[in-house]
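Below is one structure, written out as structure tokens; comments come after it.
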Amino acid sequence: MSVQIKDKDAYQRLNYLYQAAHCVLSQNPENVELARFYCFTQRTIAKRLVLRQDPSVKRTLCKKCSSLLIPGVTATARQRRKKGKTRFTVVSCLSCGQSKTLLNNPDYCLWVDHPEAQMQQHKPQVTGPPPKNQTKHEEPDGSVSSKSSAASGAAT
């Protein structure tokens, strides 16, 4: 039994564009404009169809210029610490200068990663009392069997 996902083709297209942007930058790091075009197209499709993107994907895209943020290639990543033990990762885009501050807490877990956030894949089985017209009889060997009340009345 499979669950039908709404706009499956659109999600596949978003995934393809994201992977294409990664491939373009991995083969030729100077080809930032093509990767930016793929990411901009991905963002436009997601907005037009009102689709939710995974947080890990949204973290790697610049909000200002739609560039793919890869540390060392199109972005710089720095570790910062505020007063106390709160740690942050600051990712700055090299194209436009926009920066993102991401919480760097090892104990933090996204809602998406919680088990209760996942949709049920199967229908829960209903367990309840046996039907009213059945009675349980104990056999001489200790096992329990169910007989219909009509059948047990006819047998006696």
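What follows draws every value from the coordinates through simple rules; no lab data is involved. Please read all numbers here as calculations on a predicted model, not as lab measurements. Heads up, the Cβs are rebuilt from the backbone with ideal geometry, glycines too, and the neighbour counts pull from every protein chain shown.
Answer with yes or no whether Gln42 is within 20 Å of the chain's Cα centre (by Cα) and outside any helix (DSSP H, G or I).
Considered against the rule, which asks whether it is within 20 Å of the chain's Cα centre (by Cα) and outside any helix (DSSP H, G or I), Gln42 comes out as no.
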If you go through Val112, Val50, Val73, Val91, the only one that is over 30 Å from Gln4 (Cα atoms) and either assigned to a helix (DSSP H, G or I) or free of Cβ contacts under 8 Å to residues at least 40 places away in the same chain (or both) is Val91
Among residues of the stretch 64-107 being over 26 Å from the mean Cα position of the chain (by Cα) and hydrophobic (A, V, I, L, M, F, W, C), the residue nearest to Gln19 (Cα to Cα) is Val73
If we ask which residues in the stretch 1-14 are part of a helix (DSSP H, G or I) and exposed (fewer than 12 other Cβ atoms within 10 Å of the Cβ), their number turns out to be 3
Note on the stretch 37-52: residues among the charged types (D, E, K, R) and over 14 Å from Gln19 (Cα atoms) are Lys47, Arg48, Arg52
Among (1) loosely packed, with under 14 Cβ neighbours inside 10 Å; (2) part of a helix (DSSP H, G or I); (3) touching a strand residue (DSSP E or B) at 6+ places or on another chain (Cβ under 9 Å), Ser56 falls short only on (3)
Exactly one of Leu49, Leu17 is surrounded by 13 or more Cβ atoms within 10 Å (Cβ to Cβ) and touching an Asp or Glu at 6+ places or on another chain (Cβ under 8 Å), and that residue is Leu49
